[in-house]
Amino acid sequence: MSLGPTLALANQDVLYTVFEHFVASETAWYDFDIMTRRVKSVDDPEEIVRRRTLASCARVCRAFLFPAITILWRDLDSLEPLNALVQHRASQVTESIAQFLDSTISTTFLRIGRCWTATTFTLAPRTITLGAEVFRGAPAWDHHRRCEYQTFVETLLLRAAESAPCLTYLRITRGNGILEDWLRPVCRFSRVQVLDILEPAYDAVTTSDLLPRLGAMESLRSLKLRLPAAVGHAFDNGTQSFTALRVLDLGSRFASLHDAIKMLRLVSSPYLESVHVDGCECETGLLSAGLHDLCTVLDARFAPTLRTISLSITPIGSPIAFEQPLVKYLIPLLRIRHLADVRLHLASKNVSVVVSVSDFVTIAESWPHLEHLELSYVPSGKAPSLRALIPLARLCPFLTHVHLPRIDARDVEMASIPSHRSLMSFSISDGGWDSLIPDPQRVAYFLRKLFPNAELGRPHLASEQWCRTVKEFRDSRARKDRGNDLVYCWTSLVVLEVGHSPCN
């Protein structure tokens with residue numbers, strides 16, 4: 001008797017890895033509607049299926065219980081069902097659920113807004129609610145009572161920290177008028193490993209005073225926050241900060257590329273795996289040097305552990321063209337050979353970039369473990385040739401997603417096309433409008449031979465040529481699938497007839 005399924009169910013690491021695929025999108029958290037007090041996406045069909053699947057898994061198998069509930073309860077838009085389960089139906093709570101609630105798994109989320117509809121809770125070691133008692137004395141919003149308002153916020157955080165000393169996960173959403181430097185008591189959560197205060201708001205960034213306190217948190221592994229300008233002024237020289245950090249996500253819409261570089265230099269962690277810098281600005285004349293400096297810092301400080309880099313830059317100033325190919329400025333980053341996820345966005349038409357087929361060969365040779373490649377920029381001269389995909393297919397066996405700014409499909413060659421079966425998606429930024437696609441059927445055939453298992457991304461407003469390419473690509477796959485079915489049926493029929501022929 002095979003013990004394979006039994007051994008798999010006994011391995012919690014395997015089960016947690018499987019159920020991690022049901023984690024809700026990070027962006028859903030920021031869709032909270034202050035009026036209805038619910039996450040806007042909670043009624044989406046996909047979200048309903050996700051929750052029902054997790055709930056069913058928790059019910060049908062004891063081995064699935066903890067992993068499924070951990071994911072299901074990670075993001076809650078309301079605490080009422082959980083409070084009802086723990087407080088009002090204690091007699092019906094199973095021993096397994098009680099054990100789960102008393103475990104070290106912990107979750108907290110805190111929403112602060114003008115109407116004070118905030119709730120704080122933790123599952124370690126028991127469920128607690130601070131909102132009802134604290135908010136009775138909440139001051140009404142008034143710009144002239146900011147000090148009183150700040151005191152209330154700080155008191156709320158201090159009480160939460162006292163009530164949940166073992167908390168490991170904390171996410172905070174601010175309302176209008178709440179300054180980020182009012183959140184300084186978060187440093188009292190000494191065991192927090194994941195801290196998310198990245199609110200996509202457009203008010204003034206006031207995280208400068210927070211940074212030294214966050215940098216001193218020895219357990220902090222994942223940090224998401226808005227990056228302030230003049231980062232270095234908040235730290236003492238020689239201070240070791242962010243010593244355990246593994247994931248750094250910076251909202252940089254009000255900061256510069258130079259600020260992002262200074263922030264990375266302040267990180268002392270030898271474990272950093274993922275860096276995401278979103279929307280930082282840079283003058284066009286300084287962009288090439290800044291990009292090279294950023295790559296140099298990443299290579300010098302985090303090369304042994306870095307796996308993911310996502311960089312979005314908004315160039316500002318007079319239009320320019322890079323004097324050298326893009327890979328010349330990425331040379332320090334190309335030395336980090338185990339990078340698996342690389343995403344670079346130059347969100348402006350003020351800068352044009354040259355990337356040739358030979359540059360894609362260099363990228364493929366430098367990053368053989370690449371899984372996700374996303375390049376978005378304005379090409380200088382010709383768009384990347386479709387032939388640039390061939391070295392990626394040959395040299396990056398783990399590649400699953402490719403995104404290019406546009407393509408030039410005029411020189412498609414059908415001979416010696418390798419087959420890359422791992423790729424799941426291929427897309428272009430321009431939707432085909434600036435791409436050169438003279439023969440959609442030929443392009444579809446090329447992509448079908450190169451990436452037989454991929455899906456082609458098609459924006460809502462795509463060009464006719466790209467729409468025809470995507471349609472032909474899907475039709476050719478359907479024809480092949482139907483052909484395989486017919487061959488299978490015909491083979492079975494022939495075997496059946498041969499088997500009965502001696503009886504005739």
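Based on Cα positions only, what radius of gyration and what Dmax would you give for region 399-489, in angstroms?
Rg and Dmax of region 399-489, Cα atoms, are 13.3, 45 Å.
Is the C-alpha gyration tensor of region 262-391 telling us rounded, prolate or oblate? Criteria: a/c under 1.5 is rounded; beyond that, a/b larger than b/c is prolate, otherwise oblate.
Oblate, since a/c reaches 1.5 and b/c is not below a/b.
Which of the three applies to region 255-318, rounded, prolate or oblate, going by the alpha-carbon gyration tensor with a ≥ b ≥ c and a/c under 1.5 meaning rounded? Don't skip to the end; give the middle numbers.
Working: a/c = 2.28, a/b = 2.06, b/c = 1.11.
Verdict is prolate for region 255-318.
Give me the net charge of LEU220's neighbourhood, meaning all other residues with Cβ under 10 Å from the Cβ of LEU220; Lys, Arg count +1, Asp, Glu -1. Can you show the working numbers first?
Values: positive: ARG191, ARG221, ARG246; negative: GLU218.
After counting each charged neighbour, the total is +2.
Placing +1 at every Lys and Arg Cβ and -1 at every Asp and Glu Cβ, with all other atoms neutral, what dipole size does region 167-283 have around its Cα centre, in debye to the nearest 20? Present the calculation step by step, with values, prior to reporting the outcome.
Working: 13 positive and 14 negative charges, 89 e Å.
Here region 167-283 has a charge dipole of around 420 debye.
Which GluC sites (Glu not before Pro) does region 368-477 hold that lie in a coil by DSSP with at most 16 other beta carbons within 10 Å? Present the calculation step by step, with values, prior to reporting the outcome.
Details: sites: GLU371, GLU374, GLU413, GLU455, GLU464, GLU472; in loops: GLU371, GLU413.
For GluC sites (Glu not before Pro) across region 368-477 that sit outside H, G, I, E and B with at most 16 neighbouring Cβ atoms in 10 Å, the list reads GLU413.
What are the chymotrypsin sites (Phe, Trp or Tyr not before Pro) within region 367-434 that DSSP puts in a loop, where the Cβ has at most 15 other Cβ atoms within 10 Å?
Taking region 367-434 and a limit of 15 other Cβ atoms within 10 Å, the loop chymotrypsin sites (Phe, Trp or Tyr not before Pro) found are PHE398, TRP433.
Could you compute Rg(Cα) / (2.2 N^0.38 Å) for region 320-424, with N its residue count?
So the Cα radius of gyration is 1.04 times the expected 2.2 N^0.38 Å.
Counting other Cβ atoms within 10 Å of each Cβ, which GluC sites (Glu not before Pro) in region 275-338 have at most 14 and sit in a DSSP loop?
Passing sites in region 275-338 are GLU323.
Every read-out reported here was derived from the displayed coordinates using simple, explicitly stated rules and does not represent laboratory data. Since the model is a prediction, treat every value here as computed from it, not as a measurement. Backbone-built Cβ (ideal geometry, glycine too); neighbour counts: all protein chains shown.
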